Structures are given as structure tokens and as C-alpha cells.
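Everything on this sheet refers to the single structure shown next.
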Amino acid sequence: MAPTFVRTPPPWFRIVAILFLLWGAAGVFAFYSQVTMGPAALAAMGEVDRRFYAALPRWFNWIYGIATWGGLLGSVALLIGRRWAAGLYAASLLAVAIQFGWVFTATDLIAAEGAAATVPFPLVIFAIALWQLAVARHGTARGWLR
């Protein structure tokens with residue numbers, strides 16, 4: 001078998017990977033906050049939010065977990081130079097698409113809260129997930145990941 005040479009990535013690559021890691025940590029924190037939310041936190045919410053959380057199907061938290069943990073672990077893989085970061089980011093992106101696809105098609109959240117209040121942040125999350133996958137694929141193509 002021929003030796004495989006891994007090129008050293010440029011400094012921007014490590015900086016972006018660290019930013020992705022911080023983003024992933026924030027996502028996992030949001031996930032943890034949602035799955036451990038107690039009755040007191042629910043009671044403090046508005047009526048629309050309480051209805052939304054009450055209507056979430058059981059599988060939703062699993063998808064949310066895949067989206068957030070996949071992104072975080074993909075960032076760790078990116079930082080340590082592993083090409084399987086792309087697979088983790090792809091799983092995260094798919095989970096994000098399923099998660100927000102369900103939210104926007106199976107609930108009345110947009111009608112209740114308005115598109116301006118509900119759509120922008122999920123679009124940012126989706127765009128970052130796409131960017132993460134693109135960076136991982138770019139790193140693989142350039143030989144920065146092994």
C-alpha cells in the first residue's frame with residue numbers, strides 16, 4: 001500500500017473548526033436544556049410555546065440530539081484531522097432538515113408566532129450545518145483530513 005501524506009491545513013481551517021466546536025457546544029447545551037425542561041420552566045412559557053412543547057413527538061428529541069451531537073462530534077473530528085467529520089456533519093444536516101421540516105409543516109408555529117419570528121434562526125442553523133459539511137469535504141479533498 002502506498003503511503004498517504006496528510007498536508008497541514010492552513011490556520012483558517014483550525015480557527016473555523018474551533019468556531020464550529022463552540023457552535024456545537026451551544027447546540028448541545030440547548031438540546032440538554034430542552035430535554036431536561038421541568039414543569040416550572042414550562043409554566044413560565046407563553047401559551048403558544050407550552051402548546052408547541054406539549055405537541056412534540058417522542059422521536060423529535062432523538063432527531064434534535066443527532067443534529068446537535070452530530071455537529072459537536074463532527075467539530076471534534078475536524079479538529080483532530082479525521083475525514084469522518086464529513087459523515088457526522090452530514091448526519092447532523094439531515095437531522096436539522098427533518099427537525100425543522102417537521103416544525104414548519106406539522107405545527108402552527110409560523111401562524112401563531114409569525115414567519116419573521118420563527119424562520120430566520122432555523123435558516124441560520126441550516127446554513128451553518130451546510131457550511132460545516134462543505135468545510136469537512138474541502139478538508140478531505142485537500143488532504144488535510146485523514
Could you give the distance between the Cα centres of the range 4-37 and the range 66-137, to the whole Å? 12
Provide the per residue accessible area, probe 1.4 Å, for the chain, rounded to a whole number of square angstrom. 59
Longest principal axis of the chain (C-alpha) makes with the long axis of helix 11-35 (C-alpha) an angle, in degrees to the nearest 10, of 30
Might you report the magnitude of the Cβ-based charge dipole of the range 46-146 about its Cα centre, with Lys and Arg at +1 and Asp and Glu at -1, to the nearest 20 debye? 660
Rank Thr107, Asn61, Ala90 by how far each Cα sits towards the positive end of the charge dipole of the range 29-123 (+1 on Lys, Arg Cβ; -1 on Asp, Glu Cβ) and give me just the farthest. Ala90
Would you work out the relative contact order for the chain, in percent, from Cα pairs under 8 angstrom that are 6 or more residues apart? 31
Given a 1.4 angstrom probe, I'd like the percentage of the accessible area of the range 31-146 that is carbon and sulfur, rounded to a whole number. 68
Bins of 10 Å, beginning at zero and ending with the bin holding the largest distance: percent of Cα pairs per bin for the range 60-137, please. 21, 45, 25, 9, 1
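The values are calculated or read from the model by the stated rules, or taken from the named source; none is laboratory data. Computed from a prediction, not measured in an experiment: that's the story for all the values here. Using ideal geometry, Cβ is built from the backbone for each residue, glycine included, and neighbour counts are taken over all protein chains shown. Remember, those area values only see protein heavy atoms, side chains included, never the ligands or the DNA or RNA. Shrake-Rupley method; radii C 1.70, N 1.55, O 1.52, S 1.80 Å.
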